[in-house]
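A.B. asks: Structure below; questions to follow.
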Protein chains: 2
Amino acid sequence: MNLDFDLQRFRRLLELSSEQVLSLYGSLGERKVTHASGPQVIADRFSEPLPIEGREPEELLAKEVPFIFGHSTLNISPRFFAYVMSGGSQVGILAELLGAALNVNHAKWHLASAAAEIERAVIRWLSEFIGYRTGAGGALVSGGSEANLYCLRVARDEKAPGVREDGCRSARPLTLYASAETHSCINKSVEMLGIGSRHLRKIPVDSRFRVDVRKLEEHIAQDLKAGMQPFCIVGNAGTVNSGAVDDLDALADVASRYGLWFHVDGAYGAAAAAVDATSEMFRGLERADSIALDPHKWLQVPFEAGCALVRDWASIRNSFSYAAPYLRATSDNAERWDWMGHTFQLSRGFRALKVWMQFQVYGSRKLKAVIEENVSLMHRLGAEIDQARDFERMAPVPLSIVCFRYVPAQGPSLADDELDRLNDRILEECERRGEFFLTGTKLNGRTALRACLINHRTTEAETLGLLAHLRSLGEELTGVAGVRP
Amino acid sequence: MNLDFDLQRFRRLLELSSEQVLSLYGSLGERKVTHASGPQVIADRFSEPLPIEGREPEELLAKEVPFIFGHSTLNISPRFFAYVMSGGSQVGILAELLGAALNVNHAKWHLASAAAEIERAVIRWLSEFIGYRTGAGGALVSGGSEANLYCLRVARDEKAPGVREDGCRSARPLTLYASAETHSCINKSVEMLGIGSRHLRKIPVDSRFRVDVRKLEEHIAQDLKAGMQPFCIVGNAGTVNSGAVDDLDALADVASRYGLWFHVDGAYGAAAAAVDATSEMFRGLERADSIALDPHKWLQVPFEAGCALVRDWASIRNSFSYAAPYLRATSDNAERWDWMGHTFQLSRGFRALKVWMQFQVYGSRKLKAVIEENVSLMHRLGAEIDQARDFERMAPVPLSIVCFRYVPAQGPSLADDELDRLNDRILEECERRGEFFLTGTKLNGRTALRACLINHRTTEAETLGLLAHLRSLGEELTGVAGVRP
């Protein structure tokens with residue numbers, strides 16, 4: 001029951017699929033970022049029972065793919081500013097095509113020797129790109145959540161010997177420390193690892209949303225006195241809320257003073273350590289014991305491509321190798337490099353190819369230029385907001401996230417609650433219309449419009465266009481909907 | 001710094017990439033399954049430092065891709081019988097191309113509404129395909145390891161309320177039960193979850209490599225007496241060693257008697273529950289609380305595509321939702337279905353597309369026919385071995401794995417140790433020559449040649465060809481290398 005098409009038909013199917021891709025990219029400028037169909041429309045479209053007989057793939061491509069493309073939010077669009085999402089790259093698309101065709105499994109060298117070495121190269125390059133140490137270990141994973149989990153797993157196993165066998169049952173509970181602005185995936189990781197979320201200490205931040213290092217150290221001292229086992233500090237290299245970068249050097253000092261693992265969540269921001277304009281902020285990153293870093297964010301690789309970096313390969317094998325302990329410390333240059341001893345996954349696809357091709361085709365120079373331009377555009381947006389009478393910036397702009405709100409310039413001044421409601425409605429209306437897309441957040445309890453840019457396709461035109469669009473929505477809502485009396 | 005190519009060049013690059021894919025598939029019959037280059041050759045090829053300037057993608061495709069394709073093991077080949085790996089599908093290749101181009105993030109409905117509903121459809125279909133319950137929840141994940149982790153995570157959180165907050169620190173240690181033939185990813189999951197591998201009880205198997213249910217129940221009773229908290233039984237629906245399927249119905253009875261979660265690892269085998277010839281073996285599967293099942297195995301979807309199925313969505317949200325507890329029990333048909341409350345990952349790619357297109361194009365009928373044919377071919381191989389004077393079968397063949405060894409028909413009979421060495425050398429030599437590829441395992445301490453078939457491209461010709469090839473290697477090695485005196 002060979003499922004293959006004859007080569008001529010397969011060629012035609014590749015052409016038809018490519019046409020769909022080209023038509024998507026050819027119309028990106030005109031397409032809305034969101035679509036207006038409600039949940040029921042989409043659910044109904046995909047409600048059919050398990051197909052028994054197949055359909056002709058030509059018909060499927062012609063009929064279903066345009067619907068799917070038309071009912072997806074286009075983070076590949078230059079007018080997308082929501083969450084923390086990049087536009088992907090066309091080289092990444094080619095890589096996914098080639099990788100799926102080859103369909104290797106990365107688990108062992110003798111299954112995918114080129115892929116094994118390509119992933120090793122990518123780990124070296126990513127480490128070098130952000131100025132992390134030579135000889136660092138790591139692995140490509142699905143994204144930031146898994147990268148943070150991977151690193152905290154290695155930290156746990158190193159600081160609590162025997163935990164793989166015994167579980168998290170030590171007399172002194174393991175505790176770890178991170179700012180209140182830390183991403184929820186750290187919480188989720190701590191739950192996954194059996195450490196328990198109440199052992200994750202959320203430390204207050206300063207006015208720039210950076211962790212208060214003094215309070216963090218006090219909490220460690222308290223916990224030690226109370227019989228806990230502090231084992232790890234998590235620093236932020238770019239929070240998702242506002243892009244805040246903790247004082248990594250100071251955190252490294254504290255970690256070193258207390259003998260703790262120092263992990264940095266740089267899923268969004270760490271790539272900016274590569275760039276002159278922002279590198280200074282990341283001083284201390286090179287002292288981290290582990291770093292989470294997402295190629296599918298600022299490096300413009302398509303989903304999914306996260307990366308966990310760890311100071312050495314031995315720590316990784318200490319967590320993931322299944323060889324008997326006396327065999328775990330194999331050389332880093334073992335004859336045949338088996339990835340299965342360095343990851344949780346066993347079967348693994350060839351995601352290294354898209355990261356490798358990205359660096360090969362664009363080089364670090366162009367990838368850095370994207371980051372630099374994104375930061376500069378968001379600083380420009382921040383400056384526009386500062387000059388505007390009807391917008392108010394709500395946080396510093398260290399990287400490429402701007403948090404702000406619309407504050408009507410005319411009419412009676414609105415209370416914070418009223419401003420929250422107004423800005424929530426602006427967000428809803430913006431999403432409904434689909435010219436631009438951004439999402440909000442809460443800062444100090446207040447609704448913020450939040451524009452995040454990690455997309456190589458966005459220029460000054462879209463950046464200033466976003467502000468003009470939000471202004472017109474604000475004016476329309478306050479004028480028409482009568483927020484003002 | 002827009003990284004896009006102009007459309008004409010992008011079209012050309014898609015064509016060039018497609019040509020590489022077509023040339024790979026057009027030459028599959030002639031290509032060796034493995035390659036002969038040593039680790040140093042591959043490592044040297046990919047040892048270059050981080051590229052600063054980029055390369056022309058046309059040059060990269062022309063020069064590097066053939067090298068990569070030529071230095072990969074071809075599990076897409078019909079002559080591949082190693083591990084548990086499928087050949088992928090051409091529809092899956094198209095889906096990966098389309099998905100990478102769209103590059104949506106599945107985390108929230110308003111980011112990828114079509115993708116969100118397509119994944120829900122795929123979960124329904126997979127559940128229906130194997131005869132699991134209507135209304136089951138689940139998620140697509142990277143593969144079997146993550147699917148098992150996901151299910152055991154849900155089990156842990158359901159049976160140990162408070163564990164998300166408190167960690168694995170209950171007075172009575174959590175224990176779980178699985179056969180000695182269980183895949184190592186269960187071990188790895190238990191370590192990840194903070195339960196500790198020594199709390200995973202490995203229960204002996206019978207002569208057919210199925211768990212001894214009586215001993216399993218005895219162990220539970222002992223543990224209860226010793227103050228443990230048994231919480232889960234893991235049944236095997238197709239072990240990786242020999243394809244053994246535990247008595248799932250009996251395990252479900254025990255689980256129900258003791259109030260334990262009943263998880264089934266069907267990463268490899270559960271798909272065979274869909275097929276008349278083998279479905280009887282899986283009686284009791286429908287009683288599982290959760291099932292791990294890999295579309296990238298017997299359903300011929302390219303890597304990575306694993307699936308965790310859980311009896312209901314509420315259990316899943318109990319583990320992964322971050323809404324406040326009083327909000328967790330949202331309806332299964334919530335207006336906007338956000339996947340982020342149902343998975344560990346936040347950013348997620350569109351892997352649902354390839355599973356969905358697979359079912360759409362081939363229908364369940366053809367996918368079942370592949371499974372049926374694979375099972376029948378491996379039974380045929382088993383029968384050939386039983387009739388041969390120079391091969392010895394070492395385990396039953398319930399599904400599509402045959403474990404056997406070469407035993408020279410002539411000359412003095414060899415001791416088990418000598419047979420181990422001889423068969424190890426056959427494996428090495430087979431890999432080196434690359435006409436076929438299979439790997440070995442240990443059964444009752446003895447080396448077995450192990451042929452596993454979950455590939456739609458393999459026919460009787462390759463199946464019988466494998467045996468003839470191994471015979472000629474065995475004869476050559478015993479004749480030339482003088483294993484016999």
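The values are calculated or read from the model by the stated rules, or taken from the named source; none is laboratory data. Being a predicted model, the structure only gives us computed values, none of them experimental. Cβ: placed from backbone, ideal geometry, glycine included. Neighbour counts: every protein chain shown.
A.B. asks: Checking the structure you have, find out if any residue of region A:139-162 is more than 8 Å from chain B (Cβ to nearest Cβ), touching a residue at least 60 places away in the same chain (Cβ under 8 Å), more than 24 Å from A:Ile195 (Cβ to Cβ) and acidic (Asp, Glu).
C.D. replies: No; the residues of region A:139-162 include none that is more than 8 Å from chain B (Cβ to nearest Cβ), touching a residue at least 60 places away in the same chain (Cβ under 8 Å), more than 24 Å from A:Ile195 (Cβ to Cβ) and acidic (Asp, Glu).
A.B. asks: For region B:211-241, give me each residue that is outside any helix (DSSP H, G or I) and of a type in the set (Val, Ile, Thr).
C.D. replies: The answer is B:Val211, B:Ile233, B:Val234, B:Thr239, B:Val240.
A.B. asks: Do we find that B:Pro78 is facing chain A (nearest Cβ under 7 Å), part of a loop (DSSP other than H, G, I, E, B) and on the phi < 0 side of the Ramachandran plot in this structure?
C.D. replies: no
A.B. asks: Does A:Glu286 satisfy being touching a helix residue (DSSP H, G or I) at 6+ places or on another chain (Cβ under 9 Å), among the charged types (D, E, K, R) and not in a loop (DSSP other than H, G, I, E, B)?
C.D. replies: Here the answer is yes, as A:Glu286 does meet what is asked.
A.B. asks: Let me ask something else about it. Here are A:Phe81, A:Phe129: which of them is under 27 Å from the mean Cα position of the chain (by Cα), modelled with pLDDT of 95 or more, closer than 30 Å to B:Val41 by Cβ and not charged (D, E, K, R)?
C.D. replies: A:Phe129
A.B. asks: Is at least one residue of region A:145-153 in a helix (DSSP H, G or I), of a type in the set (Phe, Trp, Tyr), modelled with pLDDT of 95 or more and in the same structural domain as A:Arg214 (by TED's automatic domain parsing)?
C.D. replies: Within region A:145-153 (the criterion being in a helix (DSSP H, G or I), of a type in the set (Phe, Trp, Tyr), modelled with pLDDT of 95 or more and in the same structural domain as A:Arg214 (by TED's automatic domain parsing)), the answer is yes, since at least one residue qualifies.
A.B. asks: Inside region A:88-108, can you point out the residues that are assigned to a helix (DSSP H, G or I) and facing chain B (nearest Cβ under 7 Å)?
C.D. replies: Across region A:88-108, the qualifying residues are A:Gln90, A:Val91, A:Gly92, A:Ile93, A:Leu94, A:Glu96, A:Leu97, A:Leu98, A:Ala100, A:Ala101, A:Leu102.
A.B. asks: Could you tell me which of the residues B:Leu427, B:Leu438, B:Leu449 is aliphatic (A, V, I, L, M), within 14 Å of chain A (Cβ to nearest Cβ), within 20 Å of B:Thr73 (Cα to Cα) and touching a residue at least 40 places away in the same chain (Cβ under 8 Å)?
C.D. replies: After applying the criteria, what remains is B:Leu438.
A.B. asks: Could you say which residue among A:Arg457, A:Arg450, A:Arg405, A:Arg432 is of a type in the set (D, E, K, R) and touching a Cys at 6+ places or on another chain (Cβ under 7 Å)?
C.D. replies: Checking each option against the conditions leaves just A:Arg450.
A.B. asks: Let me ask something else about it. Under 8 Å between Cβ atoms, which residue pairs at least 6 apart in sequence (or on different chains) link something in region A:1-29 that is more than 7 Å from chain B (Cβ to nearest Cβ) with a partner that is assigned to a helix (DSSP H, G or I) and crowded, with 18+ Cβ neighbours inside 10 Å?
C.D. replies: Note: pairs meeting the criteria are A:Glu15/B:Ser18; A:Leu16/A:Leu61.
A.B. asks: Another question, then. For A:Phe344, all conditions in the list (1) in a loop (DSSP other than H, G, I, E, B); (2) modelled with pLDDT of 95 or more; (3) crowded, with 24+ Cβ neighbours inside 10 Å hold save one; what is the number of the exception?
C.D. replies: It is condition (3) that A:Phe344 fails.
A.B. asks: Pairs only if they're at least six apart or on different chains, beta carbon under 6 angstrom, first in region B:383-400 and over 25 Å from B:Met281 (Cα atoms), second surrounded by fewer than 16 Cβ atoms within 10 Å (Cβ to Cβ); list them, first residue then second.
C.D. replies: B:Arg389/B:Ala409; B:Asp390/B:Ala409
A.B. asks: Anything in region B:365-395 that is surrounded by fewer than 18 Cβ atoms within 10 Å (Cβ to Cβ) and in a loop (DSSP other than H, G, I, E, B)? List them, or say none.
C.D. replies: Result: B:Ala388, B:Arg389, B:Asp390.
A.B. asks: How many of the residues in region A:164-221 are at the interface with chain B (Cβ under 7 Å from one of its Cβ atoms), within 20 Å of A:Gly144 (Cβ to Cβ) and either touching a residue at least 60 places away in the same chain (Cβ under 8 Å) or surrounded by 16 or more Cβ atoms within 10 Å (Cβ to Cβ) (or both)?
C.D. replies: Summing the residues that are at the interface with chain B (Cβ under 7 Å from one of its Cβ atoms), within 20 Å of A:Gly144 (Cβ to Cβ) and either touching a residue at least 60 places away in the same chain (Cβ under 8 Å) or surrounded by 16 or more Cβ atoms within 10 Å (Cβ to Cβ) (or both) in region A:164-221 gives 7.
A.B. asks: Given the options A:Leu477, A:Leu470, name the one that is under 24 Å from A:His35 (Cα atoms), surrounded by 22 or more Cβ atoms within 10 Å (Cβ to Cβ) and over 24 Å from the mean Cα position of the chain (by Cα).
C.D. replies: A:Leu470
A.B. asks: Any idea how many residues of region B:30-44 are facing another protein chain (nearest Cβ under 7 Å) and of a type in the set (D, E, K, R)?
C.D. replies: Total meeting the criteria: 0.
A.B. asks: Within the group A:Pro398, A:Pro408, which residue is touching a Lys or Arg at 6+ places or on another chain (Cβ under 7 Å) and in a loop (DSSP other than H, G, I, E, B)?
C.D. replies: A:Pro408
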